[in-house]
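Note sheet for the following structure.
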Amino acid sequence: MQRRIFRTAAAAAVLGLLVPLSGCGSDGGPGDEGTLRLVAAEYGTNQATSSKAFWDKVTNDFTKTHPDIKVEVQLLPWADIDRAVSRMVSAGKAPDIALMGSYSDFAAEGELYSADELLSITAEANFLPPLAEAGSVGNTLYGLPWVASSRLLFYNEGLFKQAGVTAPKNWSDLRSAAKALKDKGVKTPYAMPLGPEEAHAEAMIWELSNGGGYADSAGNYNLASDQNIQTFRWIKDNLVSPGLTGPVPPSQLNRADAFAAFLRGEVGMLNGYPSLWHEARARGIGVGTVSMPVSDTMGAGETPPAVGVADWMMAFKQHGKRTQIGKFLDFVYRDENLADFAGRYHLLPSTVSASRNPAGGLDKNDEQFLTALRGAQLYPVNDPSWVEVSDTIKRNIGRAVEPGGDPKTVLDEIAAKAKQAGKQH
C-alpha cells in the first residue's frame, strides 16, 4: 500500500534479502510446466523478520499436497519490485504470480488472469468488499487483495493527560488539543507528514474528513474539489501557521520520521496504523485511537470512511499456467496461511473468513482497525494512471500549506497533471 499506508520502506536490500528463495534467478523466465514462480515484496526489515520464513513454510506445505507443482519465490524490496516486474513482463519473462503494490497497469494491458479464471466463486466472494472493489477494473477482479490496513488518529495518552485534553471529535477539538499540547511544551502537537514519502495518505485522510477525497462517486479524479481546497486552507490557517505541526514544515516531514518522533514521545497526535500502535505500546507509550476528527461543517452523525490500503496478488497469463496458479492461490488464501502472514506484520487479512478466525493470530487490539477497514475507502488503484498521479500528489501537495502556498493553485496544478496522466493510459 511505495507502501502507501503501511509499507516499511526500510526493507531495501537488507541483509541479503535480494537473494532469491529456492534458487530462482533474479531476471526470471518461464521455467518448466511444473514450476510456478512468485515474485513477492519483502515485508520484513531484517533477517529475523524476513518474509522468507513464511514463504518457505507455505511452499513446502503446498508441494506436499501437490507434488507435481514446485513453487519458487523471489523476494524484492518494495522500492524495486514494481519496476523489476515491469521489466520482466516486457522481456517475456513475467512471473506467474506477483505480490506487490499495484496491478491496474498490467490489467489494462491484458496481462492478468481475472479472479474468476483462478478461484472458486466462494473464494472470490470471500474478499472484504472495499478491497474487492479496489481490486476490480470495471466489474472484473484482477488484483487479489492479500493484506491490508487502515488509518486511525493516534494520540499520546500521557501528553494528553498533562495538557488536560481529551480525544478530539472534530477539527476544532483537534486544533484546541494541539494548542494545549504546544502550551505544555510538546515539540510536535500534530505531526503532518506531507513530505514526498507518503503525503498522499495524509492528504486523503484529511480530505475524506471534510467530505472530499481523490475521486467522485463515478470514480473520476476530483482532486481540486471545493471540499479539498477548503480542507487545505483550514490546515494551513489553523494548524500550520500557528506552529502546531512541529518544528519541521509538513512539506519536509516524511512518515517514517513522524513515526519515529511519536515513538520518542515527542508527538501529541498523528495518523497511524496497527504496527505503529504495537511498537508504541511495546515502548511503554500509552496510545489512544479514534476515528479521524471531522470538519466542523460536516453534518451531525456523518462518519466519513477511513483510509484503507491493500497489497495485491496478481497472476500473469504469459506462460499459460492458469490451473497450477489457481491451485496455489486456493492454498495460500486458506485462513490459516493468510492470517499467519498478517499476524507476523500486524496487518489485516483481506478475507471475511480469515478476519473472523480467532485462531488466525489477529490481535484483539487490531479489531478497531479491522472495523475501520470494513467501511474504508482505498486509493483509486484500479485506475492505470494512479501510480503517476499518486507520485504527483506526494511531490506537490505539501506546497499547499507552505507560507507562500495557495491551496487552490496547488490542487489545480495537481488536477491538471492527473488529467494529462489519464490521457496517456
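The values are calculated or read from the model by the stated rules, or taken from the named source; none is laboratory data. No experiment lies behind these values; they were computed from the predicted model shown. Counting neighbours? That spans all protein chains shown, and the Cβs are built from the backbone with ideal geometry, glycine included. When the accessible area is computed, the model is the full protein with side chains, heavy atoms only, and any ligands, DNA or RNA have been set aside. Shrake-Rupley method; radii C 1.70, N 1.55, O 1.52, S 1.80 Å.
A few notes on this one:
- Gyration tensor (alpha-carbon) shape descriptor, region 285-425, a/c threshold 1.5: oblate
- Between the residues VAL401, TYR113, VAL58, the greatest Cα displacement towards the positive end of the dipole of the chain, with unit charges on the Cβ of Lys, Arg, Asp and Glu, is found for VAL401.
- Filter on LYS93/LYS419; LYS161/LYS394; LYS93/LYS327; LYS327/LYS394; LYS321/LYS423 - keep pairs with C-alpha separation over 27 Å: LYS93/LYS419; LYS161/LYS394; LYS327/LYS394; LYS321/LYS423
- J(HN,Hα) series, region 186-195, from Karplus relation 6.51 cos²θ - 1.76 cosθ + 1.60, nearest Hz, glycine and proline x: 5, 4, 10, x, 10, 8, 10, x, 9, x
- Amide proton proximity set for LEU141, modelled H, under 5 Å, gap of 5+: ALA115, ASP116
- Separation in nanometres of the label points that stand 7 Å from Cα toward Cβ, at ARG264 and ALA91: 4.2
- Estimated dipole of the chain in Debye, rounded to 20 [Cβ of Lys and Arg +1, of Asp and Glu -1, Cα centre]: 960
- In this structure the amide hydrogen of LEU378, modeled in the peptide plane, comes within under 5 Å of the amide hydrogens of GLY308, none closer than 5 places in sequence on its chain.
- The fraction of accessible area contributed by carbon and sulfur in the chain is 48 percent, rounded to a whole number (1.4 Å probe; ligands and nucleic acids excluded).
- Calculated from backbone phi, Karplus (6.51, -1.76, 1.60) coupling profile of region 410-422 in Hz, x at Gly/Pro: 5, 5, 4, 5, 5, 4, 5, 5, 5, 5, 5, 4, x
- Residue-by-residue Karplus 3J(HN,Hα) for region 325-334, coefficients 6.51, -1.76, 1.60, Hz, glycine and proline x: 4, x, 5, 5, 5, 4, 6, 5, 8, 4
- Along the axis of the charge dipole computed for the chain (Cβ charges of +1 for Lys and Arg, -1 for Asp and Glu, origin at the Cα centre), the listed residues MET292, GLY243, TYR273 are led at the positive end by GLY243.
- Gap separating the Cα centres of region 267-319 and region 141-158, nearest whole Å: 5
- Accessible surface area normalised per residue over the chain is 40 Å², counting heavy atoms of protein chains with a 1.4 Å rolling probe.
- q = 0.07, 0.11 Å⁻¹: log10 I(q)/I(0) that the Debye formula gives for the chain, counting C-alpha atoms only: -0.33, -0.82
- Computed FRET value (nearest 0.05) for ASP183 with GLN424, which takes r as the C-beta separation and R₀ as 41 Å: 0.25
- Stokes-Einstein diffusion coefficient of region 185-229, Kirkwood radius over Cα pairs, 20 °C, 1.002 mPa s, in µm²/s: 183
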